[in-house]
Amino acid sequence: MAHHLVNRIPSRLLMWRRVREYAVPPSMIETATARRAAGDWAGACAAARIDVDLDLRAVRERHGTELVTRLRADLLRLAPDLLRWHMPRIAPDGRLRPGLTVCLARYPASGAASPHLVVRTPPAWADAGQRMSLALWEGPGSGPSGHHPHPHPDRRFLLDLHRHLWDAGRSTELARRCGADGALGAGGAPSVEPCSPGGPSAPDSPWAVGRWAAEAELLLRAEGRSRGAFTVRLGARSRAVLELFAPDDSHVPALRPLRESLPPQEVAALPVLPEAAARVLPDLELLRAGLVAPGRLHPLVAAALAESGAAPMVGAASASGPASVAGAAAGPGDPHRVECRGEVHRIALRDGGLTAVDHDPAQLRREELLVVLGGPPLPCLRAIDAVHRSPQELPAVRERLRHGDVAGALAVVEGLLGPGAVLRDGPLREELRSAAARRIDHGLFRAGLVAVHPAAGTEAAGTGAGRRPRLNRHTPPAIRRKRADRARPRTTLTR
């Protein structure tokens, strides 16, 4: 019965449930909130694992005092833990979307390009720790972001139009902007091509079609227009081209499919509805499905949804639902019980380590020596060894390490094995060792020492290592024909 219930839960909701459990731990939210309340915006960013790559003094010298005043005001309102909570993520692990530059705010300037306050995520090969960086983007080729794969702000992720997703002073707008007040109905939805069997207007669809008209109006106003065409990205190769129209300014604008087809170049130049506006808020989907309790949400998110009445109602309904949130795990002091020599023995933490408490210490030393000499171990010692190598909570440790919560992962390990435990070879030790090694890659990326991952196979990375360069649009036609000829001999000294 439970198997069929789990199968009915969409995979995206299972991913978001893991993200909400592990990606932004309560300790991070508590520390970042305390530092933000004290006016320490840099300390709040450090608590949320966000590196600050901007210097206010240098910005004042380049752009003047007025821009710095506005920038500092935004930094004081920035809730970095809330920003991490709402950052775009990728399946199946729910990690931060790699190599992304997201615009948080735009500032007017006398130059050709207006400065943008942006947050960046590292490329996938350097995403250990799931750290982000905060910077001021001042146009193409500016700033210390030359080694970032995509330093230009992405049009699909415009959080300057959704300040409630990172601005603590405007977080109360979340319920209205996400449609928690019931504005997510599919009535009046435009006829668009579906990107999934359910389609954008299906009851369980992740698309917030009912909010597209209002959000498109905000998007077009930011572009300097009140009406016009825009696109919605429905999939990797699927776009919906819609038009916002109204008889006059006194009427509420509505959507309709664009009447005439446009060339691909013109479609690509149209404004793109941001992902935050195109999709239903994941927290709202989780609440409605009963996969998360309101108390497990970010405090600012829970408060905003509670004002609309969505969080308490759904939370109460999900308490007895089939997909209700699992109960708390057993405490770290709970003993393990093992059948050993016809008796049930206990294994618990003693003196900073996991110990078979029903065996005499001298007997344990003799048995351990016997194991070294090749003898069979006691069932209690086998259980202790299994917990050290691959504990039952290993998936929780892995999830925390994937999302950069090293402190949380170590706390789980210490709760299982004790602070004085010595890890033995096995999956647990390999996970911790791999996480430490990948943090070195992130440090090299941050320092600008490795701009392209050596295993990427690109021409820049592969030529120096003796690899054959890949064919691309810069390859001369003669070399391309030679490499594509299957009849040429393969026993040659040249590549």
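The values are calculated or read from the model by the stated rules, or taken from the named source; none is laboratory data. Model, not experiment: these values are computed from the prediction. Glycine also receives a Cβ, built like all others from the backbone with ideal geometry; neighbour counts cover every protein chain displayed.
Descriptive notes on the structure:
- Yes/no for Leu67 being assigned to a helix (DSSP H, G or I) and either farther than 26 Å from Val232 by Cβ or touching a residue at least 60 places away in the same chain (Cβ under 8 Å) (or both): yes
- Members of region 352-385 found to be surrounded by fewer than 16 Cβ atoms within 10 Å (Cβ to Cβ), of a type in the set (A, V, I, L, M, F, W, C) and under 12 Å from Val338 (Cα atoms), listed by number: Val357
- Among the residues examined, Asp405 qualifies as in contact (Cβ under 8 Å) with a residue 24 or more places away in the chain, among the acidic types (Asp, Glu) and either crowded, with 18+ Cβ neighbours inside 10 Å or over 16 Å from Ala128 (Cα atoms) (or both).
- Some residue of region 21-41 being closer than 18 Å to Trp166 by Cβ, touching a Gly at 6+ places or on another chain (Cβ under 6 Å) and not in a strand (DSSP E or B): yes
- Subset of region 5-20 [charged (D, E, K, R) and outside any helix (DSSP H, G or I)]: Arg8
- All helices (runs of 4 or more DSSP H) inside region 199-292 with 1 or more residues being over 26 Å from the mean Cα position of the chain (by Cα): 212-222, 264-269
- Scan of region 87-132 for residues that are in contact (Cβ under 8 Å) with a residue 40 or more places away in the chain and among the aliphatic types (A, V, I, L, M), ordered by number: Met87, Ala91, Leu100, Val102, Leu104, Ala105, Ala109, Leu117, Val119, Ala126, Ala128, Met132
- Selection of region 296-318 for residues being in a helix (DSSP H, G or I) and either of a type in the set (Phe, Trp, Tyr) or at pLDDT below 70 (or both) yields Ala310, Ala311, Pro312, Met313, Val314, Gly315, Ala316, Ala317, Ser318.
- For region 15-55, the candidate set comprises residues that are under 18 Å from the mean Cα position of the chain (by Cα) and free of Cβ contacts under 8 Å to residues at least 12 places away in the same chain; within that set, the residue that is nearest to Arg296 (Cα to Cα) is Pro26.
- Where helices (runs of 4 or more DSSP H) fall entirely within region 335-448, those with at least 3 residues that are within 35 Å of the chain's Cα centre (by Cα) and not aromatic (Phe, Trp, Tyr) are at 379-389, 394-402, 406-417, 427-446.
- Filtered residue count, region 424-444, keeping only those that are over 23 Å from His388 (Cβ atoms) and touching a His at 6+ places or on another chain (Cβ under 9 Å): 1
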